[in-house]
1. Given the options ARG45, ARG98, name the one that is crowded, with 17+ Cβ neighbours inside 10 Å, under 23 Å from TRP129 (Cβ atoms), of a type outside the set (Phe, Trp, Tyr) and touching a Phe, Trp or Tyr at 6+ places or on another chain (Cβ under 6 Å).
2. Looking at region 111-125, can you tell me whether even one residue there is part of a loop (DSSP other than H, G, I, E, B), charged (D, E, K, R) and either closer than 23 Å to GLN17 by Cβ or modelled with pLDDT of 90 or more (or both)?
3. Just to be sure, is GLU16 crowded, with 16+ Cβ neighbours inside 10 Å and closer than 22 Å to LEU108 by Cβ?
4. From the list GLY77, GLY89, exactly one residue is under 16 Å from VAL44 (Cβ atoms), assigned to a loop (DSSP other than H, G, I, E, B) and without any contact (Cβ under 8 Å) to a residue 24 or more places away in the chain. Which is it?
5. Just need a number here: residues in region 15-26 that are assigned to a helix (DSSP H, G or I) and over 11 Å from LEU115 (Cβ atoms).
6. Of ARG91, ARG130, ARG83, which residue is more than 14 Å from VAL18 (Cα to Cα) and either hydrophobic (A, V, I, L, M, F, W, C) or at pLDDT below 90 (or both)?
Amino acid sequence: MERSTLVELFVAMAAEQVDYGLVGGVAVNLHGIVRETEDADLFVRPDEENVARLRRALHRVTGDREIEEIRAEDLAGAYPVVRYVSPDGRRTVDILSRRGDRFAYDDLEAEVVQLAGVDVRVASPATLWRLKRDTVRAIDAEDALRACRRPSA
């Protein structure tokens, strides 16, 4: 995802006061571990109020009415991940509320990192390590290893 597109998304999320933590490749990049990624991964609080704010933020940047299909009950249910792709294909956002039974939104430790003058709530290196260490994807294992080697981890 292009930097300007990310900035636009985070400006909208700040304006709507979305409770989130950025995880995944973009988070790794913002911690100074450079790698390619095509999407933004957002861990969100799965309550109705927060998901409504998230929908408003996404609508601000896309104008897409399909966003209304993103529901808190889905994120709080058996399948706590929703992938959203904007109609123009410029934004792919994976929205998560938990990872299995071992990691939920309330377990997220985050810090604020600036992206083009915008405050972005990013999972800490230690949290990224905990999220990625036991996954099967090689890129996640590599991210976890790099995150745990960071001085702040």
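The values are calculated or read from the model by the stated rules, or taken from the named source; none is laboratory data. Treat the numbers as computed from the prediction; the structure is a model and nothing was measured. Reconstructed Cβ throughout: ideal geometry from the backbone, glycine too, with neighbour counts over all protein chains shown.
1. ARG45
2. Within region 111-125 (the criterion being part of a loop (DSSP other than H, G, I, E, B), charged (D, E, K, R) and either closer than 23 Å to GLN17 by Cβ or modelled with pLDDT of 90 or more (or both)), the answer is no, since none of the residues qualifies.
3. So GLU16 passes the test.
4. From the options GLY77, GLY89, the qualifying one is GLY77.
5. 4
6. Checking each option against the conditions leaves just ARG130.
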